[in-house]
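To keep things clear, I will list the structure first and then write my remarks on it.
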Amino acid sequence: MKCLDEVKQLLREDNTEQALILLDQYIEANPTSDEAFYLRGNAYRKLEDTQKAINNYLLAVELNPESPALPAYKMMIKILNFYNPDMFNH
């Protein structure tokens with residue numbers, strides 16, 4: 001999984017666009033890699049593309065219910081559902 005190690009490094013370096021290019025190529029060749037979908041979800045989250053991040057997390061969980069994408073997905077949903085009524089009482 002040398003390619004995925006490279007992707008992880010690119011994400012750490014905030015080279016998200018390049019990471020996505022490699023992930024798209026990797027997923028095309030390895031469509032059952034839950035780790036690749038999880039990493040692509042992380043890349044889209046970094047780009048603040050919530051819908052694509054969630055979609056990729058769900059694909060990862062579909063392939064592997066034990067994927068780390070599950071807690072990432074739950075976190076994204078929790079953030080989306082966050083509501084603070086005090087913000088509107090000024």
Verdict on Leu4 being more than 12 Å from Ala72 (Cα to Cα) and either among the aliphatic types (A, V, I, L, M) or in contact with an Asp or Glu (Cβ under 8 Å, 6 or more places away or on another chain) (or both): yes
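Taking the stated definitions as given, is Ala72 touching a residue at least 24 places away in the same chain (Cβ under 8 Å), among the small types (Gly, Ala, Ser) and in contact with a Phe, Trp or Tyr (Cβ under 9 Å, 6 or more places away or on another chain)?
Values: touching a residue at least 24 places away in the same chain (Cβ under 8 Å): yes; among the small types (Gly, Ala, Ser): yes; in contact with a Phe, Trp or Tyr (Cβ under 9 Å, 6 or more places away or on another chain): yes.
Answer is yes for this residue.
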Sort out which residues of the stretch 45-65 are under 14 Å from Leu11 (Cβ atoms), touching a residue at least 24 places away in the same chain (Cβ under 8 Å) and out of contact with any Asp or Glu (no Cβ under 9 Å at 6 or more places or on another chain), and write them in order of number. Arg45
If we ask which residues in the stretch 9-38 are in contact with a helix residue (DSSP H, G or I) (Cβ under 7 Å, 6 or more places away or on another chain) and over 18 Å from Glu62 (Cβ atoms), their number turns out to be 7
Failed condition for Met76, given (1) out of contact with any Asp or Glu (no Cβ under 6 Å at 6 or more places or on another chain); (2) at pLDDT 95 or above; (3) in a helix (DSSP H, G or I), with all others met? (2)
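Assess whether Asn81 counts as being farther than 26 Å from Glu13 by Cβ and touching an Asp or Glu at 6+ places or on another chain (Cβ under 7 Å).
Working: farther than 26 Å from Glu13 by Cβ: yes; touching an Asp or Glu at 6+ places or on another chain (Cβ under 7 Å): no.
No; evaluated as a whole, the condition is false for this residue.
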Given (1) of a type outside the set (Lys, Arg); (2) part of a loop (DSSP other than H, G, I, E, B); (3) in contact (Cβ under 8 Å) with a residue 24 or more places away in the chain; (4) at negative phi, where does Asp14 come up short, assuming only one miss? (4)
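On the given criteria, is Asp5 part of a helix (DSSP H, G or I), free of Cβ contacts under 8 Å to residues at least 40 places away in the same chain and surrounded by fewer than 14 Cβ atoms within 10 Å (Cβ to Cβ)?
Details: part of a helix (DSSP H, G or I): yes; free of Cβ contacts under 8 Å to residues at least 40 places away in the same chain: yes; surrounded by fewer than 14 Cβ atoms within 10 Å (Cβ to Cβ): yes.
Considered against the rule, which asks whether it is part of a helix (DSSP H, G or I), free of Cβ contacts under 8 Å to residues at least 40 places away in the same chain and surrounded by fewer than 14 Cβ atoms within 10 Å (Cβ to Cβ), Asp5 comes out as yes.
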Residue selected from the stretch 23-72 under the condition part of a helix (DSSP H, G or I) and of a type in the set (Ser, Thr, Tyr), by the criterion surrounded by the fewest Cβ atoms within 10 Å (Cβ to Cβ): Thr50
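Could you grab me the full set of residues in the stretch 8-21 that are closer than 19 Å to Ile54 by Cα and among the aliphatic types (A, V, I, L, M)?
To start, the set of residues in the stretch 8-21 that are closer than 19 Å to Ile54 by Cα comprises 8, 11, 16-17, 19-21.
Within the stretch 8-21, Leu11, Ala19, Leu20, Ile21 qualify.
The values are calculated or read from the model by the stated rules, or taken from the named source; none is laboratory data. Remember, it's a predicted structure, so these values are computed and weren't measured experimentally. Cβ coordinates were reconstructed from backbone atoms using ideal geometry, including for glycine residues, and neighbour counts include every protein chain displayed.
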